[in-house]
1. Quick check on segment 42-103: take the gyration tensor over C-alpha atoms, sort the square-rooted eigenvalues as a ≥ b ≥ c, and tell me if it's rounded (a/c under 1.5), prolate or oblate.
2. Given bins 5 angstrom wide, list per bin the percent of all Cα-Cα distances in segment 162-306, short to long.
3. Can you tell me the Rg and the Dmax, both Å, for the Cα atoms in segment 70-196?
4. Using unit Cβ charges (K, R positive; D, E negative) and no other charged atoms, how large, in debye to the nearest 20, is the dipole of segment 46-90 about its Cα centre?
5. With 19 Å as the limit, write out which pairs from K49/K348; K22/K426; K204/K389; K426/K449; K384/K426; K22/K348 have Cα-Cα distances beyond it, or answer none.
6. What nm value, rounded to one decimal, do you get for the distance between E40 and E386 when each label is placed 7 Å out toward the C-beta?
7. With r defined as the distance between the Cβ atoms of T332 and L30 and R0 fixed at 45 Å, what FRET efficiency is calculated, to the nearest 0.05?
8. R0 = 60 Å: FRET efficiency of A438 with E227, Cβ-based, nearest 0.05?
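The values are calculated or read from the model by the stated rules, or taken from the named source; none is laboratory data. What you see is a predicted model, and the numbers here were worked out from it, not measured in a lab. A quick note on method: Cβ atoms are made from the backbone with ideal geometry, for glycine too, and the neighbour counts reach across all protein chains shown. Ligands, DNA and RNA are stripped out before the accessible areas are found, and what is left, the full protein with its side chains, is counted by its heavy atoms. Shrake-Rupley method; radii C 1.70, N 1.55, O 1.52, S 1.80 Å.
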Amino acid sequence: MRRFSPLLLALGMSAPAFAQTKPATTPDPLITRMVQEVSEKNLREDIDKLVSFGTRHTLSDTKSKKRGIGAARNWVEGEFRKYSKASGGRLKVEQDTFTIKPDGRRIDRPVLMANVMATLPGTDPTDKRVFIVSGHIDSRVTDVMNATADAPGANDDGSGTVAVMELARVMSQQQFPATIIFVAVQGEEQGLYGSTHLAKRAKKEGWQLVAMLNNDIMGSSTGHDPEIKDDKRLRVFSEGVPATETADEARVRRTLSSENDSPSRNLARYTRVACQQYVPGHEVVLEYRPDRFLRGGDHTPFNQQGFTAVRFSEMNEDFRHQHQDLRTDNGTEYGDYAKFMDFAYLRKNTGVNLATLAALALAPAAPENVGVLTAELTNRTQLKWEAPKTGERPAGYYVLMRETSAPEWQQKFFVTDLKADLPHSKDNYIFGVVSVDAEGHESLPVIPKPVR
């Protein structure tokens with residue numbers, strides 16, 4: 001079989017199509033412009049402001065206007081409100097408060113927490129889809145219960161928080177048919193409390209949450225042990241087996257060996273293509289595990305509620321500047337200071353988020369009830385699906401294809417019908433189907449289920 005690079009495939013330069021007219025195959029100039037508008041200067045200044053609050057520990061002061069988690073939350077809310085005013089009031093800002101009782105671990109008293117949220121409502125009343133991008137606002141030092149010591153939290157997770165803020169600033173100036181929520185969550189260091197609250201709220205309220213992007217520790221290009229600099233790559237972590245998988249779903253997965261095609265894993269692939277299209281010279285590295293080794297993050301509660309979610313993180317963490325008391329030992333400086341960050345790198349990583357969010361929010365919804373026909377034994381593959389029931393009708397669909405051993409999609413075929421008959425065996429290939437509009441914006445892939 002002829003092989004194609006991921007970038008060429010992303011631009012539609014694949015095998016012959018099944019229709020005469022194809023969607024646009026060049027990057028969207030609007031998304032390109034928004035990525036270019038991400039400001040390194042703003043990212044740096046916002047980090048300095050977050051650090052100026054001394055500590056943002058979840059159990060720290062909420063009354064002071066200058067120090068503690070309360071002051072930090074209020075400042076982020078104020079910045080969101082500035083962006084809202086600039087957007088003509090379309091950006092809706094709130095602090096979503098909730099109380100956590102003592103847990104016997106990292107919460108020693110009742111705590112009123114708050115996620116700082118800015119929601120950009122979709123412009124299409126028939127499009128109910130929601131997308132979330134997050135970073136966590138809280139910080140810590142070596143002792144996770146030390147709520148008074150200075151904890152700058154510049155990279156962990158000031159980097160994710162200011163990235164979310166900059167995304168809200170830039171993207172609120174544009175219109176998207178679907179809704180985007182920009183959120184700085186609290187309580188990550190104490191037990192993922194803010195993200196758990198938000199994920200449960202989304203589940204309870206029935207949000208049509210398509211994708212959640214979590215950004216945590218993504219602003220430093222230099223790691224240690226060994227000392228290494230890598231400012232051209234960003235990791236994306238994604239779960240393989242969905243946390244909410246049922247017994248029937250597990251049986252199908254084992255039969256088809258589709259553990260590498262969970263919705264979150266296909267979201268991760270999508271972020272890699274978005275990076276190739278809109279952040280040239282940068283690379284998203286697919287990490288096929290839910291998070292770093294034996295660790296977790298704010299995407300985890302969303303996975304646990306059955307949502308599609310991934311985590312972005314820098315290539316090489318520097319543990320001297322993460323969860324550390326501020327000190328110098330044997331000539332080595334410890335502490336999560338802004339001076340150890342790389343803001344040009346953070347700008348590119350923010351651009352990856354923007355490209356992914358914008359492409360998804362502009363695309364039509366994914367096709368529904370995608371199936372591969374199994375009534376007959378044949379070396380061809382017959383697929384069928386239904387048009388999405390929310391938002392605009394797609395201009396057509398791409399059928400994606402790759403070898404069973406290939407980590408990324410290798411070919412794509414454009415069709416305008418709700419079915420496809422391919423001269424390729426389902427024994428040898430994995431298939432997916434995406435909706436696409438005339439401008440070339442693609443939905444997330446849907447993996448077909450066996451149907452008769």
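1. Working: a/c = 2.70, a/b = 1.37, b/c = 1.98.
Judged from the Cα gyration tensor, segment 42-103 comes out oblate (a/c at least 1.5, b/c at or above a/b).
2. 2, 8, 14, 19, 22, 18, 11, 5, 2, 0
3. According to the Cα coordinates of segment 70-196, Rg and Dmax are 15.6, 49 Å.
4. Values: 11 positive and 5 negative charges, 39 e Å.
Value, rounded to 20: 180 debye.
5. Working: K49/K348 21 Å; K22/K426 25 Å; K204/K389 21 Å; K426/K449 12 Å; K384/K426 14 Å; K22/K348 30 Å.
Check vs 19 Å cut-off fails for K49/K348; K22/K426; K204/K389; K22/K348.
6. 5.0 nm
7. Details: r = 46 Å, r/R0 = 1.02.
It comes out at approximately 0.45.
8. Details: r = 49 Å, r/R0 = 0.82.
So the FRET efficiency works out to roughly 0.75.
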